Amino acid sequence: MSKNEVSEGAALWHGRFDAAPADELMAYTESLSFDKRLWADDILGSKAHVSMLVSVGILTEADGAVILSALDAVAQEFASGKFVYEPSDEDIHTAIERRVTQIAGEPGGRIHTGRSRNDQVATAVRLWCKREVAVVASHVLALVNTLEERALEADAATPPTRLPGYTHVQHAQPVLLSHHLRAHSWALLRDVDRFADTLQRLDVSPLGAGALAGSSLPLNPQTSATSMGFASTFANSLDAVSDRDFIAEILFDIALLGVHLSRIGEEWVLWTSAEFGFAVLDDAYATGSSMLPQKKNADIAELARGKAGRLIGNLTGLLVMLKGLPLAYNRDLQEDKEPLFDSVDQVRRALIALNGMIATATFNTKNMIAGADAQALVATDLAEWLVQRGTPFRDAHAVVGKVVRDSIATGTPMVTLVEAHPAFGPDAASLFDAGVAVDRRQTPGAAGPLAAAEQRARLVEAIRSAEARLA
Ligand code: ARG
């Protein structure tokens, strides 16, 4: 067997070993089962590496051309589902090098010149993240756009849809439905912003760092970085191969996004309950019960809530894995991929499903408005009405509190008590008129219709700038 050939069935690193790897070792240490999905990124990185080797004269043009065309052939095999793995393939990177060498012959044995799997893996994962994180962020924006469509529709209704605003899950003050929906949009836009920040920071090529210390060959990391589309290249080879901060950041960004989706999910579980009756899910986005024929469940919303635990777990697991690692590469780092892939997959599905659920649901505006117009929700307006006529707020609070207490004790509507109350006079009763309490919330960022126009303008601008950051 020539030194340049990979012996049939042996690991790429077999040279210094007397015995073949034990099956148990391969079974335990392989990552092919989950890093297969990096094939396109590995090939992109490998092509950049080979072209760089040619450009600095380490590979001849002819050898470079043979390897590049073998890489294209391998890409073709993956794309058409015809790539055949061998038992010796530990991971996607060794599988591709093995196959390139089978196709290219002797020049194939030169592909790994000046490269280690350590910088190769880090490069492929960063390339994968650049593409997939942008996709997740675009799904977040799609959900924001759906929420905004529903908000516009709620404001265009006559009257604009209002519902009770809650604190402690107790009726607090009426708010526009658009205001409530937009509250979630602002949180989601911060998520997009975080993804964009993360994308900016991870846009650094580690290729050329080698196993840990760079190379004695005249590599040019900038050349390969540029051809892969990275904004910059590493400054320290040890950092380049051991840095997984970008994965930790992505997992945090997704965990927090997952928390936001969980809170949205929890609300929809409440809103679709008989007790709230604020929304009805489209049949296509609801589930039934195997035993209870009448059931219509909000399983998408529940899973958006439930899966947040797993997203937080993925972040926690990665941080714990990283915390004890000395420089530079350690095999522990292979454990970065499953949580990354899982979080990205899960949150993408959650975003798509919630988007469909929210886009197709019907709001029960009658119930929302009835809840918003409950007399107790006017209490703060009554107190502020007294404040505007000179009463200290604390005294006004006590006066209205007494009205609430008397209303509960006697069953007399608050409006009747207010009409008869010496502190108020006849006009205060108009605060109980339908929609007045929400209309009076006019301060910047407040829950009423006047402030809504300004908020809408700011939101549209924020969506536009988020889209621009991702483009
Ligand atoms: N599959 C491994 C990973 O994903 C490849 C790196 C192995 N490197 C090594 N020096 N053993 O991290």
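The values are calculated or read from the model by the stated rules, or taken from the named source; none is laboratory data. Computed from a predicted structure; not experimentally measured. Note: ideal-geometry Cβ built from the backbone for every residue, glycine included; neighbour counts use all protein chains shown. Areas reflect the complete protein model, heavy atoms only, side chains present, ligands, DNA and RNA absent. Shrake-Rupley method; radii C 1.70, N 1.55, O 1.52, S 1.80 Å.
Some observations on this one:
- Relative contact order (%) - criterion: Cα under 8 Å, at least six apart; region: the stretch 182-339: 23
- Cα long-axis angle, helix 393-410 against the chain (0 to 90 degrees, to the nearest 10): 70
- Label-zone membership for the stretch 52-71, site Q102, 7 angstrom Cα→C-beta point, backbone N under 15 Å: 70-71
- Spatial separation of Cα centroids for the stretch 334-375 and the stretch 388-428, in angstrom: 40
- FRET efficiency for E149 and E86, using Cβ-Cβ distance with R0 set to 41 Å, rounded to 0.05: 0.20
- Exposed-site-free run, longest, the chain (rule: trypsin sites (Lys or Arg not before Pro); DSSP loop; at most 16 other C-beta within 10 Å): 83-294
- Accessible surface calculations at 1.4 Å, restricted to protein heavy atoms, place the chain at 47 Å² per residue.
- In the assembled protein chains, H421 presents an accessible area of approximately 50 Å² (probe radius 1.4 Å).
- The listed peptides 27-33, 210-216, ordered by packing as a protection proxy, come out as 210-216, 27-33 (highest mean of other Cβ atoms within 10 Å first).
- Heavy-atom accessible surface of the stretch 30-101: percent carbon and sulfur, 1.4 Å: 57
- Close amide-amide hydrogen proximity is noted between T233 and S205, each under 5 Å apart and 5 or more residues distant or on a separate chain (H modeled in the peptide plane; Pro and chain starts excluded).
- Pairs exceeding 19 Å between alpha-carbon atoms, taken from K36/K82; K295/K366; K36/K337: K295/K366.
- Each residue of the stretch 12-21 was assigned a 3J(HN,Hα) from its phi angle through the Karplus curve 6.51 cos²θ - 1.76 cosθ + 1.60 (θ = phi - 60°); the sequence is 4, 9, 5, x, 8, 9, 7, 10, 5, x Hz, with glycine and proline shown as x.
- For the stretch 239-252, the Karplus equation 6.51 cos²θ - 1.76 cosθ + 1.60, evaluated at θ = phi - 60°, returns couplings of 5, 4, 8, 10, 6, 10, 4, 5, 6, 4, 5, 4, 5, 5 Hz by residue, with Gly and Pro reported as x.
- Within the accessible area of the stretch 256-397 (1.4 Å probe), percent carbon and sulfur: 56
- Accessible area of the stretch 180-235 belonging to carbon and sulfur atoms, whole % at 1.4 Å probe: 55
- R0 of 41 Å, Cβ-Cβ distance D197-T443: FRET efficiency to nearest 0.05: 0.85
- Ignoring aspartates and glutamates fewer than eight residues from K130 along the same chain, the ones with Cα atoms less than 12 angstrom from its Cα are D41, D197, D203.
- Distance between modelled label sites at D433 and S232, nm, 7 Å Cα→Cβ extension: 6.2
- For the stretch 55-63, Karplus couplings with θ = phi - 60° (6.51, -1.76, 1.60), whole Hz, Gly/Pro x: 5, 9, x, 7, 10, 6, 3, 5, 4
- For q = 0.05, 0.10, 0.12, 0.13 Å⁻¹, Debye-computed log10 I/I(0) when each Cα of the chain counts as one equal scatterer: -0.31, -0.84, -1.04, -1.15
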